[in-house]
Amino acid sequence: MELIRAYKFRIYPDAKRQSEIESQLILSREFYNLLLEKSIKSYKDGNKRLSMALLNSFAKEIEKDKKFLRIYSQTRCEIKYRVMKAYQNFFRRCKKKKNGKNVKVGFPRFKSKDRYYSIIYPQDNGSFSIEKERLRVSKIGTMKIELHRSMEGKIKTLTIKKDASNYYAIFTTTKKDFEIPKINDSNPIGIDVGLKTFAVLSDGTKITKPNFRGKVEKHIALWQKRVARRKKGSERRQIAKDKMNKKYQIANDQTNDYLHKVTDKLIKSDYTSFAVEKLNIQDMVKNHRLAKSINYASWNKFFQLLLYKAESAGMKVVEVNPKNTTKTCNNCGNIQSMPLSKRIYYCEVCGLTEDRDINASINILRRATTLGQRGSHAQGENVRPRQEAVLDELRTDKTHPLRDAVIV
């Protein structure tokens, strides 16, 4: 198996290298926007297909302006692939719209200064190198890099990224002939993510997550007001933007660090596989009452980290249909209404009393352990017989508190 990993390191360019990086970002953004402009015009003129050959012809026209030759040649090729990917997403949205789905189509967007912040070197062919904790990059120069850990495998690509006022080098590596450990799946666990408690496991373990974003919200709001008040294009407005982005970066770094620690702990525990819900987060955030909390919860990031770490350790992460996992009784299979305000699941049929999140996590685990029956009840066809058996028990037990409510 080929193992692909990304390593992110902080770099410290001096004033001259920073100027070079800024210049490369500006030129790359202009190159991207010109390619996009020509491709949109071609589409409106009747050419409904976009090919790499067509993009190459557009690029040759743009490169007549010699300033774009300051961009490294393979970086220009990567920009073409960015445009192609944007158009593939556009065609995908068009297809969904044609099939009757309520989606916004729209052409790919032009990149503003705040939406283009990375340069990619797609091949390790001498365009970059590391010597004595110094990173040399073609068209930019040499700068200090903080190598806080060693990289495994062969380096394939390099991305120079600006985040707020900081700069990072992201390396992608591949390691061939990687042997995945073989683990006996003897202790699977179900995980239910939520807003009140970050995650609840089917064995009753609860994982809480500090509200990192909430702690800096006041500072973010303050700098947002200052950005709004200052003149567009001014140096003071850019300073305020950098300050605001720095606050966002602090919260994001704290969240990422926490999620790495949580997933590491889960992988190193006695669990042998994980069952999670296949959540459609894009649709969930359309609920404006919960959108902010869902975004801050970082469920998608959590699932991504858990997935790649589990795969490396020889474990499985099984995604199940989330429908009715909270409403279903894990004992008898009864389905009943469960509003968000109701934190305890009290089954109206069998009398099971359980924390709603623990009940959901048990249902998630059972759905994962059924043979390929995603989206079905954990008990499969045995749900109704189990309910009938419970009702028979209620009919014979005259002292059961639910007897009068259920038996008619």
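Within segment 266-292, the set of residues being surrounded by fewer than 15 Cβ atoms within 10 Å (Cβ to Cβ) and either touching a residue at least 60 places away in the same chain (Cβ under 8 Å) or in contact with a strand residue (DSSP E or B) (Cβ under 8 Å, 6 or more places away or on another chain) (or both) comprises Asp270, Lys278, Leu290.
Quick grid of which residues meet (1) farther than 30 Å from Ile344 by Cβ; (2) at pLDDT 90 or above:
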{"position": "Asp192", "(1), (2)": "no, yes"}
{"position": "Ala240", "(1), (2)": "yes, yes"}
{"position": "Ala251", "(1), (2)": "yes, yes"}
{"position": "Leu259", "(1), (2)": "no, yes"}
{"position": "Asp264", "(1), (2)": "yes, yes"}
{"position": "Ala291", "(1), (2)": "no, no"}
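Applying the condition of being farther than 22 Å from Lys38 by Cβ and among the aliphatic types (A, V, I, L, M) to segment 96-140 and asking which residue is surrounded by the fewest Cβ atoms within 10 Å (Cβ to Cβ) yields Val103. Scanning segment 1-19 for residues that are part of a helix (DSSP H, G or I) and either within 27 Å of the chain's Cα centre (by Cα) or surrounded by 17 or more Cβ atoms within 10 Å (Cβ to Cβ) (or both) gives a single hit, Arg17.
Any residue at all in segment 26-41 that is surrounded by fewer than 18 Cβ atoms within 10 Å (Cβ to Cβ), over 32 Å from the mean Cα position of the chain (by Cα) and at pLDDT below 95? Checking segment 26-41: at least one residue is surrounded by fewer than 18 Cβ atoms within 10 Å (Cβ to Cβ), over 32 Å from the mean Cα position of the chain (by Cα) and at pLDDT below 95.
Per the conditions (1) part of a helix (DSSP H, G or I); (2) closer than 22 Å to Arg115 by Cβ, the sole criterion not satisfied by Gly233 is (1).
In this entry, Thr263 is excluded by the filter for residues that are of a type in the set (Val, Ile, Thr), within 30 Å of Asn184 (Cα to Cα), over 21 Å from the mean Cα position of the chain (by Cα) and surrounded by 14 or more Cβ atoms within 10 Å (Cβ to Cβ). For segment 293-408, the helices (runs of 4 or more DSSP H) that sit wholly inside it and include 2 or more residues that are within 30 Å of Ile267 (Cα to Cα), modelled with pLDDT of 90 or more and among the polar types (S, T, N, Q) are 299-312, 356-369. Looking across segment 177-213 at every residue that is under 19 Å from the mean Cα position of the chain (by Cα) and β-branched (Val, Ile, Thr), the one that is farthest from Tyr308 (Cα to Cα) is identified as Val193.
Which of the residues spanning segment 333-366 are surrounded by fewer than 22 Cβ atoms within 10 Å (Cβ to Cβ) and at positive phi? Across segment 333-366, the qualifying residue is only Gly351.
The one condition from (1) surrounded by 11 or more Cβ atoms within 10 Å (Cβ to Cβ); (2) within 26 Å of Glu20 (Cβ to Cβ) that Met84 does not meet is (2). Looking at the structure I just gave you, is Thr263 in contact with a Ser or Thr (Cβ under 8 Å, 6 or more places away or on another chain), within 21 Å of Leu201 (Cβ to Cβ) and part of a helix (DSSP H, G or I)? No: the conditions fail for Thr263.
Do the conditions hold for Arg70, that is, is it surrounded by fewer than 19 Cβ atoms within 10 Å (Cβ to Cβ) and in contact with a helix residue (DSSP H, G or I) (Cβ under 8 Å, 6 or more places away or on another chain)? Yes. Only one entry of Thr326, Thr369, Thr353 meets the criterion of being of a type outside the set (A, V, I, L, M) and touching a Phe, Trp or Tyr at 6+ places or on another chain (Cβ under 6 Å), and that entry is Thr353.
The values are calculated or read from the model by the stated rules, or taken from the named source; none is laboratory data. Note that the coordinates shown come from a computational prediction; the quantities given were computed from them, not determined experimentally. Please note: Cβ atoms are built from the backbone with ideal geometry, for glycine as well, and neighbour counts cover all protein chains shown.
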